[in-house]
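The values are calculated or read from the model by the stated rules, or taken from the named source; none is laboratory data. Keep in mind that this is a model prediction, so the values were computed, not measured. All Cβ positions, even for glycine, are placed from backbone atoms using ideal geometry, and neighbour counts span all protein chains on display. Only protein heavy atoms, including side chains, enter the accessible area calculation; ligands, DNA and RNA are left aside. Shrake-Rupley method; radii C 1.70, N 1.55, O 1.52, S 1.80 Å.
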Amino acid sequence: MRRQYLASLVIFVLTAAVPVSRGAAPAASNPLLTEQWPAFWITCPGAPHNEYGVHLFRKTFQLDRVPEHLVVHVSADARYRLWVNGQPAAFGPQRGAPSLWRYDTLDLAPLLRAGRNVLAARVISYGGLAPLAIMTLRTGFLLQGDGDGATVLDTNSGWKTLHDEAYQPFRADFSKVPGYFAVGPGDRVDAARHPWGWETVDFDDQAWPAARELDHGLPWGRGPDVGEWLVQRNLPPMEETPVRFAAVRRASGVEVPENFVRGGAAFTVPPHTRARVLLDHGSETNAFVQLQVGGGRGSRVGLTYAEALLDAQGRKGPRDEIAGREVVGLGDEFLPDGAPDRVFAPIDYRTYRYLQLDVETADEPLVVKDLRGDFTGYPFRERGAFASDDPTLSRIWQVGWRTARLCAFETYVDCPYYEQLQYVGDTRIQGLISLYVSGDDRLLRNAIDLLDHSRFSDGLTRSRYPSEVPQVINTFSLFWIEMVRDYWMHRDDPGFVQERLPGVESVLGWFERRIDHGTGLLGPLDYWSFVDWAERWPYDPVQGLGGEPAGARAGGSAIISLQLAGTLDHAAELCRAFGRTDLAARYAQESAGLKQAVMQRCWDEKRRMLADSPARTSFSQHVNTLAVLTGAVQGDAARDLMGRVAHDGTLTPCSTYFRFYLLRAMKQAGLGDEYLSMLGPWKAMLDTGLTTFAEQPDPTRSDCHAWSASPVYELLATVCGIEPASPGFATVRIEPHLGPLHRASGTVPHPKGDISVNLERAGTVLKATITLPPGLGGEFVWRGRTTLLHSGSQNLTMP
């Protein structure tokens, strides 16, 4: 198979060059980190400044011997894939922003050989078709050698280049695809126009023109103009692992062998035939797709990707059913040139459970040899674990973790199919899941840093970032502060947290200026005051805004006032921890004033709960949830309130997203044992055949949405009860809430090692085995009784 890939549009499974870790980066004295790079950004002669195009770059060089190391720094605008001697080396750059433009540091030595060598890079420039998450500026490629022996590789006019006219953007018929899209186009590739084998050593590039030099690479903060300011990659390479389809669900116009999906047999589409093959991956995935074909000159091959099939009314319904349903979605198109062996591999990854292959042949038969994918995503390892005597919870864990994985790439993403954007509301929940299941905090740190970097001059962060189109949801800026606090509680990293404090103060300053001192509540709020996708909160088609509660625009929102109060309390904690006592006192005073104003103006004595605004015309789970979470309602009153609010069908209910906060409030009110009984929406999604958790219950747009994966975190944090008891996770508090379970166990990765909990209940007695890593202590709480914990293993018997 390797020979076939070398002559193809190929995407390999593994990155064979050695990424140089951040810790192994060149020393700070290296001029590449502080001064203008000798290498130029290069482009194709005549290439537009920033329009769609695929451009190929080559550099041939000789080596007398293979060096022990040959380190280079590589970037592109917008995306590149690098080969060395026909072997894959890197895919990047990591998504960022123009003033935080990432470059990859690679050691190419493992791929080099004595004699003739070639570097080959494919760069795609999206222009106006760019995914919103890619903040592209222009068409360009940059490679800088590190050290005397590597500078011969620097990008300049000594590189050869070609505009690959085989590629055109392929746009799906969005009139048939419901929902808001922010992803880029598919690929339409005409094989007859592509220079096959261009990435190999023996390819003849003499007719290719010399690259056109633009400007030199600049490290961050250097030079008068902000272009692509270069910052080293701070994340590991994304995973690429082979995956195969589970089954062919139906076929027309052709017979497909049973073992085709396993790569064991090909099938042939005769001349002048239309064939359609529907493949089911068995679960939703993100993958770089690879289609291997032979012959078929004049054929058209279409690939359509879908999370679910649609019926005649455009409804999804049971996800496993195919009868009377069709594939509608994003796609690619490949036009074979008749060669006996071609591999079509779209440039970017695709998200799908179902893939439909449509073939229309001309005078020649087309042999379909293989169709498979390489799963891709952030390389999280599943170190955390949960088990119990309820098998449904194991399914929720599995589906929830798959959801979280598909929503994590070079940034967190809300949904992989539709948007691929890092929204704060989703990202806060994703960050907690990452910490609890993988223990890897790098993607969370990157998110906090990027969102801090996104702040406007008035103080607020953007609601999603990176994003070519700015968007501001004011409530999400408050959740960004909560992300900072989450990180502070779970990681001993005071320097990183302290760097965020100016941003925290900036965000809160925006809200402080909007407190109406006549009412004590927040006044009218600019931007988008999104809280939740609640059906009873009207959608404004003129402004394109929805999910806003009463009082958000006119002033007097109890919900957002309470959210601000809670964030002020947490900001006060941060400020006290870092010596900002005066600011902490101010924040605490403002929080108390907001909570008092909400209780005075929005409490409805008849219903014994809070209304959404002083008008007391609308009531929701949301406002009462926040009343408990912020401590505006405490003790027995909180328990009574949440006991009623959780089951009151007259209230505006929390969606799957905001139920994360509803269930946290129930736990805070002493109702944590009811958590498992509140998982009905997630069990219903399993019943419909979903293999990831959806944006909301059907009818839903996205079948895979990050904010719905929260049970993965709560099974460990609430059911097993494992949470930090002090900042930096210096101590642990374990307070299980087993509900009806008789057995449960969980593992949470901690910076010092794994925390393990094994619980077994017999009658009125709980037996617990707790293992803490060296240097970690804490407490175990059961039915109001507290037992101190020490590092190592301990057995407890609790009445």
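Please determine whether any residue of region 312-329 is open to solvent by less than 20 Å² (accessible area, probe 1.4 Å), of a type outside the set (D, E, K, R) and not in a loop (DSSP other than H, G, I, E, B).
no
If the Cβ limit is 6 Å and pairs must be 6+ apart or interchain, which residue in region 123-145 that is over 13 Å from P185 (Cβ atoms) and modelled with pLDDT under 95 pairs with which residue that is aromatic (F, W, Y) and in a loop (DSSP other than H, G, I, E, B)?
T136/Y126
Considering each residue of region 551-565, count those that are in contact (Cβ under 8 Å) with a residue 60 or more places away in the chain and either on the phi > 0 side of the Ramachandran plot or open to solvent by 10 Å² or more (accessible area, probe 1.4 Å) (or both), and give that number.
Going through region 551-565 one residue at a time, the tally reaches 2.
List the number of the failed condition for E548; all other conditions in (1) touching a residue at least 40 places away in the same chain (Cβ under 8 Å); (2) within 21 Å of S655 (Cβ to Cβ); (3) surrounded by 24 or more Cβ atoms within 10 Å (Cβ to Cβ) hold.
Only one criterion is unmet by E548, namely (1).
Matching residues to (1) part of a strand (DSSP E or B); (2) in contact (Cβ under 8 Å) with a residue 12 or more places away in the chain:
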| position | (1), (2) |
| --- | --- |
| P740 | no, yes |
| N758 | yes, yes |
| R761 | yes, yes |
| L766 | yes, yes |
| F780 | yes, yes |
| T786 | yes, no |
| T797 | yes, yes |
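Quick one: which residue in A665, A684 is under 32 Å from the mean Cα position of the chain (by Cα), closer than 21 Å to V712 by Cα and surrounded by 24 or more Cβ atoms within 10 Å (Cβ to Cβ)? First the steps, then the outcome.
Working: A684 fails: surrounded by 24 or more Cβ atoms within 10 Å (Cβ to Cβ).
That would be A665, the only listed residue that is under 32 Å from the mean Cα position of the chain (by Cα), closer than 21 Å to V712 by Cα and surrounded by 24 or more Cβ atoms within 10 Å (Cβ to Cβ).
Any residue in region 578-597 that's of a type in the set (K, R): show its pairings with residues that are in a helix (DSSP H, G or I) and open to solvent by less than 50 Å² (accessible area, probe 1.4 Å) at Cβ separation under 6 Å, as long as the two are six or more apart or on different chains.
Here the result reads K595/A565, each pair linking region 578-597 to a residue that is in a helix (DSSP H, G or I) and open to solvent by less than 50 Å² (accessible area, probe 1.4 Å).
So, restricting to strands (runs of 3 or more DSSP E) that lie completely within region 224-266, which ones have at least 2 residues that are touching a residue at least 12 places away in the same chain (Cβ under 8 Å) and over 30 Å from V72 (Cβ atoms)?
Because the criterion is at least 2 residues that are touching a residue at least 12 places away in the same chain (Cβ under 8 Å) and over 30 Å from V72 (Cβ atoms), the strands (runs of 3 or more DSSP E) in region 224-266 that meet it are 247-252.
Picking from D516, D492, which residue would you name as being touching a strand residue (DSSP E or B) at 6+ places or on another chain (Cβ under 8 Å), of a type outside the set (V, I, T), modelled with pLDDT of 95 or more and open to solvent by 60 Å² or more (accessible area, probe 1.4 Å)?
D516
So which pairs qualify, if the first residue must be in region 364-387 and over 25 Å from V748 (Cα atoms), the second must be among the basic types (K, R) and open to solvent by 40 Å² or more (accessible area, probe 1.4 Å), the Cβ gap must be under 8 Å, and the two must be at least 6 apart or on different chains?
Filtered contacts from region 364-387: E364/R297; R372/R244; G373/R244.
Okay, residues lined up against (1) among the aromatic types (F, W, Y); (2) open to solvent by 60 Å² or more (accessible area, probe 1.4 Å):
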site: R212; (1), (2): no, yes
site: D215; (1), (2): no, yes
site: P219; (1), (2): no, no
site: P236; (1), (2): no, no
site: R250; (1), (2): no, yes
site: F260; (1), (2): yes, no
site: G264; (1), (2): no, no
site: T268; (1), (2): no, yes
site: A275; (1), (2): no, no
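State whether one or more residues within region 145-167 are more than 30 Å from G338 (Cβ to Cβ), open to solvent by 60 Å² or more (accessible area, probe 1.4 Å), among the aliphatic types (A, V, I, L, M) and in a loop (DSSP other than H, G, I, E, B).
No - not one qualifying residue is present in region 145-167.
How about region 768-778: which of its residues are open to solvent by 20 Å² or more (accessible area, probe 1.4 Å) and outside any strand (DSSP E or B)?
Within region 768-778, P774, G775 meet the criteria.
If you go through region 724-749 one residue at a time, how many are within 24 Å of the chain's Cα centre (by Cα) and either open to solvent by less than 10 Å² (accessible area, probe 1.4 Å) or of a type in the set (D, E) (or both)?
Looking only at that region, the number is 2.
Consider region 238-248. How many of its residues are within 30 Å of L142 (Cα to Cα), out of contact with any Phe, Trp or Tyr (no Cβ under 6 Å at 6 or more places or on another chain) and either open to solvent by 70 Å² or more (accessible area, probe 1.4 Å) or among the polar types (S, T, N, Q) (or both)?
1
Within region 264-292, how many residues are at positive phi and either under 30 Å from the mean Cα position of the chain (by Cα) or at pLDDT below 95 (or both)? Give the steps one after another, and end with the answer.
Applying the first criterion (at positive phi) to region 264-292 yields 272, 282.
Imposing the further condition that a residue be either under 30 Å from the mean Cα position of the chain (by Cα) or at pLDDT below 95 (or both) reduces the set to 282.
Count: 1.
Hey, among D389, D363, D358, which residue is open to solvent by less than 30 Å² (accessible area, probe 1.4 Å), at pLDDT 95 or above and not polar (S, T, N, Q)? Give the steps one after another, and end with the answer.
Values: D389 fails: open to solvent by less than 30 Å² (accessible area, probe 1.4 Å); D363 fails: open to solvent by less than 30 Å² (accessible area, probe 1.4 Å).
Step by step, each of D389, D363, D358 is checked, and only D358 is open to solvent by less than 30 Å² (accessible area, probe 1.4 Å), at pLDDT 95 or above and not polar (S, T, N, Q).
What number of residues within region 546-568 are more than 20 Å from W480 (Cβ to Cβ), outside any loop (DSSP other than H, G, I, E, B) and not small (G, A, S)?
Count: 0.
Residue by residue through region 363-382, note down the ones that are more than 19 Å from Y412 (Cα to Cα) and in contact with a Ser or Thr (Cβ under 6 Å, 6 or more places away or on another chain). Before you say what the answer is, go through the steps one by one.
Initial filter on region 363-382 (more than 19 Å from Y412 (Cα to Cα)): 363-374.
Matches in region 363-382: P365, L366, V367.
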